[in-house]
1. For segment 150-178, name all the residues that are assigned to a strand (DSSP E or B) and in contact (Cβ under 8 Å) with a residue 24 or more places away in the chain.
2. What is the residue count in segment 1-29 for residues that are open to solvent by 90 Å² or more (accessible area, probe 1.4 Å) and under 30 Å from residue 64 (Cα atoms)?
3. Can you tell me which residue within segment 77-107, out of those that are touching a residue at least 40 places away in the same chain (Cβ under 8 Å) and not aliphatic (A, V, I, L, M), is surrounded by the most Cβ atoms within 10 Å (Cβ to Cβ)?
4. Condition check: of a type outside the set (Gly, Ala, Ser), in a helix (DSSP H, G or I) and closer than 30 Å to residue 55 by Cα. Does residue 11 satisfy that?
5. Looking only at segment 108-120, filter to residues that are among the aliphatic types (A, V, I, L, M) and within 14 Å of residue 145 (Cα to Cα); which one of those is surrounded by the most Cβ atoms within 10 Å (Cβ to Cβ)?
6. Quick one: how many residues across segment 108-127 are assigned to a helix (DSSP H, G or I), touching a residue at least 24 places away in the same chain (Cβ under 8 Å) and among the small types (Gly, Ala, Ser)?
7. Scanning for something on the phi > 0 side of the Ramachandran plot, touching a residue at least 40 places away in the same chain (Cβ under 8 Å) and either in contact with a Pro (Cβ under 7 Å, 6 or more places away or on another chain) or surrounded by fewer than 16 Cβ atoms within 10 Å (Cβ to Cβ) (or both), does segment 128-149 turn up at least one residue?
8. Being open to solvent by 50 Å² or more (accessible area, probe 1.4 Å), farther than 20 Å from residue 75 by Cβ, at pLDDT 80 or above and under 30 Å from the mean Cα position of the chain (by Cα) is the requirement here; does residue 56 meet it?
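The values are calculated or read from the model by the stated rules, or taken from the named source; none is laboratory data. All values reported here derive from a predicted model rather than from experimental measurement. So basically every Cβ, Gly included, is an ideal-geometry build from the backbone, and we count neighbours across all protein chains shown. When the accessible area is computed, the model is the full protein with side chains, heavy atoms only, and any ligands, DNA or RNA have been set aside. Shrake-Rupley method; radii C 1.70, N 1.55, O 1.52, S 1.80 Å.
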Amino acid sequence: YNFILLMNNIIYEIENYGPKFLRSILILAIFFVVAEYFRIKILEDEVLIRDSIAIKQLANVTYYLIFLIGFLFFLLSMGVHWGSILAILGSLGLTIGFAMQNLLKNAFSAVYILSGKLFEIGDIIEVKKLSYYNYIKGKVIDFDLLNVYILTDNNKINYLPNSMIQDNIIVNLSGRGD
């Protein structure tokens, strides 16, 4: 008898919430496709390719922003109220802000690096630490919101946090930095 009651409840829930859930999943899928489309279009734009570091970051930020908007529409179509979403986003923002201070510092340092056009992928740079005489020298092979990836002369990859790049002296040995 309990099994039959359970099955009746499951069937009732599927009949009442199934179409709403499918519609919500469709909304999320559409936003995912749109986000991916814009990411690909931004990365393929020939005019913008010359500043590849900034374009790569712009493509990623655009993708996640569109996907976040899609997720908010998903929640709204599932019946979650705006007040609940704003309360959750506020508390999440506060929690994430405290928990991820270093990550956020590196992300904001990435904006500083991009706006200053200190280097491009392929440039040879030297990072001199302010506190003592050590330095890291190598070719920039990649850059993202958290790290700069430098290939040294002995073929080792160093992952330098963007905040380290911002807080120390950078010498662009390729001579292309503005």
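1. If the condition is that a residue be assigned to a strand (DSSP E or B) and in contact (Cβ under 8 Å) with a residue 24 or more places away in the chain, then 150, 160, 161, 169, 170, 171, 172 are the ones that fit.
2. Total satisfying the criteria: 5.
3. 106
4. So residue 11 fails the test.
5. 110
6. 3
7. So far as segment 128-149 goes, no, none of its residues is on the phi > 0 side of the Ramachandran plot, touching a residue at least 40 places away in the same chain (Cβ under 8 Å) and either in contact with a Pro (Cβ under 7 Å, 6 or more places away or on another chain) or surrounded by fewer than 16 Cβ atoms within 10 Å (Cβ to Cβ) (or both).
8. No, not satisfied.
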